[in-house]
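Student: This structure is in structure tokens; I'll ask about it shortly.
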Amino acid sequence: MFRITLQKRSIDSSELLSSKLYDECSFYDSFARDVSNAKHSVLVECPYLTERRVRQFSKLLKRRTMDGINITIYTRNPRHHDKVLEVQAWKALDILKDSGVRIFMCDDMRHRKFSIIDDEVLWEGSLNIFSQNESCEIMRRSFSKELCDQMRMFIKLGNLRY
């Protein structure tokens, strides 16, 4: 017999219900602003990386890592891409490493696209943050510690903080 104990927590539903939608044109300036304003951490999961898109962020990422902000990126192992995308991913990874970013290459063919900033801002949607180009996409920005915690639990990062 299993016994499950659930901890009761008060949830502010206004946090869960307030969010804003962005497209591939409006996303990048808002995301860069959030990274610029990060107080302690930026976590990004993006399956694809391209040199062009990573270069767009490299100065900002380097500046923020030098400020002591922990920036972590989870991405798909480049060996799981076709040759063109594999070459792009390796170039992008070199740029990210030079920027001081921690990188985890994953072998599970992940395709999720999201970011958690300071454990209170959640970006999620269809846009590959470090590779998007010429595609129609959507991203939702929520300001909610609860939603960030929910995402961490869902992707099995649990209480791991960066």
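The values are calculated or read from the model by the stated rules, or taken from the named source; none is laboratory data. As the structure is a computational prediction, the values presented were derived from the model and not from experiment. Here Cβ is always computed from backbone atoms with ideal geometry, including for glycine, and neighbour counts include all displayed protein chains. Heads up: the accessible areas ignore ligands, DNA and RNA and are worked out on the full protein's heavy atoms, side chains in. Shrake-Rupley method; radii C 1.70, N 1.55, O 1.52, S 1.80 Å.
Student: Taking the highest mean first, how do the peptides 82-90, 50-58 order by number of other beta carbon atoms within 10 angstrom per residue?
Tutor: Listed from highest to lowest mean packing, they are 50-58, 82-90.
Student: I'd like the accessible area for Arg102, computed on protein heavy atoms only with a 1.4 Å probe and all protein chains in place. Round to 10 Å², please.
Tutor: Estimated to the nearest 10 Å², Arg102 gives 120 Å².
Student: List the aspartates and glutamates whose Cα sits under 14 Å from the Cα of Lys91, skipping any in the same chain fewer than 8 residues away.
Tutor: Cα-Cα hits under 14 Å: Glu51.
Student: Would you list Asp119, Asp23 from the most to the least accessible area, probe 1.4 Å?
Tutor: Asp23, Asp119
Student: Over 23 Å between Cα atoms: which of Lys39/Lys59; Lys97/Lys145; Lys20/Lys145; Lys20/Lys156 fall into that group?
Tutor: Lys97/Lys145; Lys20/Lys156
Student: Compute the distance from the alpha-carbon center of the stretch 76-144 to that of the stretch 37-70, in whole Å.
Tutor: So the two Cα centres are separated by 10 Å.
Student: If the chain between Glu146 and Arg63 were fully stretched, how many nm would it gain, using 0.36 nm times the residue separation less the Cα-Cα distance?
Tutor: This chain segment gains 27.0 nm when fully extended.
Student: Right, something else. Over the chain, what is the percentage of antiparallel beta bridges among all DSSP beta bridges, to the nearest 5?
Tutor: Rounded to the nearest five, the antiparallel share is 65 percent.
Student: Mean residue ellipticity at 222 nm from the helices of the chain, using -39,500 (n - 2.57) per DSSP H segment of n ≥ 4 over the full residue count, to the nearest 500 deg cm²/dmol?
Tutor: Dividing the helical sum by the residues of the chain leaves -11000 deg cm²/dmol.
Student: Taking the mean number of other Cβ atoms within 10 Å as a proxy for protection, how do you rank 128-134, 72-78 from highest to lowest?
Tutor: 72-78, 128-134
Student: Considering only protein heavy atoms and a probe of 1.4 Å, how much of the accessible area of the chain is carbon and sulfur, as a whole percent?
Tutor: Of all accessible area on the chain, carbon and sulfur atoms account for 53 percent.
Student: Report the accessible area of His111, computed with a 1.4 Å probe over the heavy atoms of all protein chains in place, in Å² rounded to the nearest 10.
Tutor: 100
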